[in-house]
């Protein structure tokens, strides 16, 4: 099977097992530039593993992942890391901000890892923080800001390199509904304005509602809800 | 708050300690090992004064005081005893020849009865040596049959080499210094045990230096698995326990480890006590039974160490807010103040300063002042270091990402880093001070020998009656001997020794063959029968008046021991004058030089000194010479000359110190590793997230290296400064010239830096494992 025409990132027949536990069992996925796709499913269904495979964080046992026409699953670790640094962005539920760096340093970190000089990196970081309405937190450390503010800082960080794909794994999982809504609003708005595709892993329908399309993962298999409709 | 609630909280904590899964058990075991090491070390240290006292008492109890001009009459309660100590390799052997003269002769401590002539009783260590292949040459020297062993009460150490051999005809050799008749053992004037003040200094410094790393290890151990414990404590808060209760429960967990540590400590102490019986340091060994800490001190240790472990836990929780929702936040640390941190080293120096210049011979050091001063100075390192680390890292500039991550981490929690490095700093400071002290004291003890080692390397002192010619012949025939010459001394008086006031004028006579006399001074020519007179020798005023041909003098070769056996001697014609010179031992000979043919018939065979030149390439040449000397004369005293005296002993102490320092630093390295791994585990999710968005593994590894290296570098700088200061003060206290031993400073700081590298290298595999994407999984 070939990836859908015009797709930026697509996966076919992905299989991945952790010991005796099968996490993915023939899962499929595709996303177009600027599209927001929600990956839904109950706990333990394999949705995070799918995200990790798509992002090149883990390699699948079998199957194919193509990004912009390139086969991801056969790339070296160094090339996948470089791809993640320059073309992908990430937002996680927990533990993503470096506690000892200030918020602006956290946001500037991916740019600095790419070799951007510090001042320039921090200038760009501040601009993104302003878009996410957290520029007043620039000199604070993550431990000094609220969960919602921290998550917005994390979104700013995920977008600062101008990624083509943003991976968000339960980005509102640790937030109350009001904060969650605001984060999703800012995240999708910023992603769309930057024409970034968003792979959104969530188990909450109200979060998935921000997406253009939903994929449900159950027992390691995926079902495209749009196609089913 | 009632006691029952306290006990219940502590009990609950103790229960958690053992039911906390693998991490809980690991923490308990690490704490127990740390506390155990501390307890064992303290118990051993508190037992040392007692051990030294027992040694001193036993040494006095077996003393056979032989120095006496008065000879006791023979009786049924007397014993003739000869001191025939010898040396084998670098080991001294206490040897005694004994001949009881009656049934009530005093029995030496540790003996059931005296061995018969030709038999000997030996110490267990000597028996082992004689039975081993290493003792083959010694076996030749001690040709007696082993019939028993000396009991513990007759020895001053488990590794002491000693024997009592049965002999006959000893009374003939009573001479007031080597052989004597005694009717009791023991010192006539017992002295209280007064250890060398330098030794006390060393023990005190070693004590502090060793204990500090153990404290650091305990600190690291109680923090192990902290994340899991924090979650548990938060859960307790959720079900209603208040913050004080939570802290008591945490203290209970630490107390469980400490109590187990007490058990470990007792076992370690008993094992160490047993092992101490096998050791010999500075030629001092002890029996395990000597190592008994005083009960009061033991109780103090048993209470103080677990209490300290609990205190460390509570201090570790200081600034930590445990909330019911599982959130554990570190409060923003207060800015560190410098003034009280500087007070400690200043107090230390103030306490030590009154003792500067006391010297080592009369060094009546006030032990309380010394120990307090040294402790204050070394503990000052632990107080100053956090301030220095904080002050310096706050000023560190920006750099690459790895550097930035490390510096920011240090800025956020410099206290943790400083705590980790404190142990290394104290150990290095202490070791530098000790190395300096040793280097200085070594110079004090190791004086350049005045012996001329180019002419002879061994001196054999024969007893009266042993033929010098035969001795020289046999020694020359000994394997590895290049040359041997014998010189004997006599006294020449203008009148007889028996005259009421002794001789009015006297001079010395040196007797030997021409080859031997040429070792004393340059002779124009020499034939047997020639006599020479030395003119211009130091302190020699009478010789010119005596050196007149035809003058009748009295020659006494008994060296003052037998004043009836002098013979008359007439100064011959043709006596030649020679310049004064020194024999190989460095002694200047004045007076008359007599070849053997010039000694009048009837003169007693004098006690000769044989100077032996050896080929050092022949292994065991010294033992061959000692064996030949012993076969010639059982009272012969052999001295091996070295360029510097005692140097070997101090070299081995310094090597021991280096090995000890490495062991201590390895222990601290282990603590550093435990803390490092614990920190990494706590940051598992963060590390995975950083890798997920493309952070290079090299960047994270480098940041771990910087994170350890920066505080260690600061710690080593401070340690070097404090170590050099303490070393200088200690040297000034012992009135020794201050000289910095840069080699040891570099070695110690190098080892400290090496520990950082090793810890970083060892933490890399777990770091790489923790960076795996599995860390991102939440299900």
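The values are calculated or read from the model by the stated rules, or taken from the named source; none is laboratory data. All values derive from a computational prediction rather than experimental measurement. We place every Cβ from the backbone using ideal geometry, glycine too, and count neighbours over all the protein chains shown.
Of A:165, A:201, A:160, A:155, all but one fail to be modelled with pLDDT under 90 and either more than 23 Å from residue A:145 (Cα to Cα) or within 14 Å of another protein chain (Cβ to nearest Cβ) (or both); the exception is A:155. Pairs meeting the criteria (first residue in the stretch A:33-45 and more than 23 Å from residue A:7 (Cβ to Cβ), second residue part of a loop (DSSP other than H, G, I, E, B), beta carbons under 6 Å, at least 6 apart or on different chains) are A:43/B:779; A:44/B:779. Taking the options A:162, A:173, A:148, A:220, name whichever one is within 30 Å of residue B:702 (Cα to Cα) and in contact (Cβ under 8 Å) with a residue 24 or more places away in the chain. Of the residues listed, the single one that is within 30 Å of residue B:702 (Cα to Cα) and in contact (Cβ under 8 Å) with a residue 24 or more places away in the chain is A:162. Among residues of the stretch A:54-73 being at positive phi and out of contact with any strand residue (DSSP E or B) (no Cβ under 6 Å at 6 or more places or on another chain), the one that is surrounded by the fewest Cβ atoms within 10 Å (Cβ to Cβ) is A:69. Checking the stretch B:274-290 against the condition returns no match, with no residue being under 28 Å from the mean Cα position of the chain (by Cα), under 30 Å from residue B:10 (Cβ atoms) and touching a residue at least 12 places away in the same chain (Cβ under 8 Å). For residue A:118, indicate whether it is facing another protein chain (nearest Cβ under 10 Å) and under 18 Å from the mean Cα position of the chain (by Cα). Taking the combined requirement at face value, the residue does not satisfy it. Considering the stretch A:74-86, the residues that are more than 7 Å from chain B (Cβ to nearest Cβ) and buried (at least 19 other Cβ atoms within 10 Å of the Cβ) include one that is farthest from the chain's Cα centre (by Cα), namely A:80.
Inspection of the stretch B:759-769 finds a residue satisfying the criterion of being within 14 Å of another protein chain (Cβ to nearest Cβ) and modelled with pLDDT of 80 or more.
The sole residue among B:673, B:658, B:700, B:690 that is more than 14 Å from chain A (Cβ to nearest Cβ), in a helix (DSSP H, G or I) and either modelled with pLDDT of 80 or more or closer than 30 Å to residue B:81 by Cβ (or both) is B:673.
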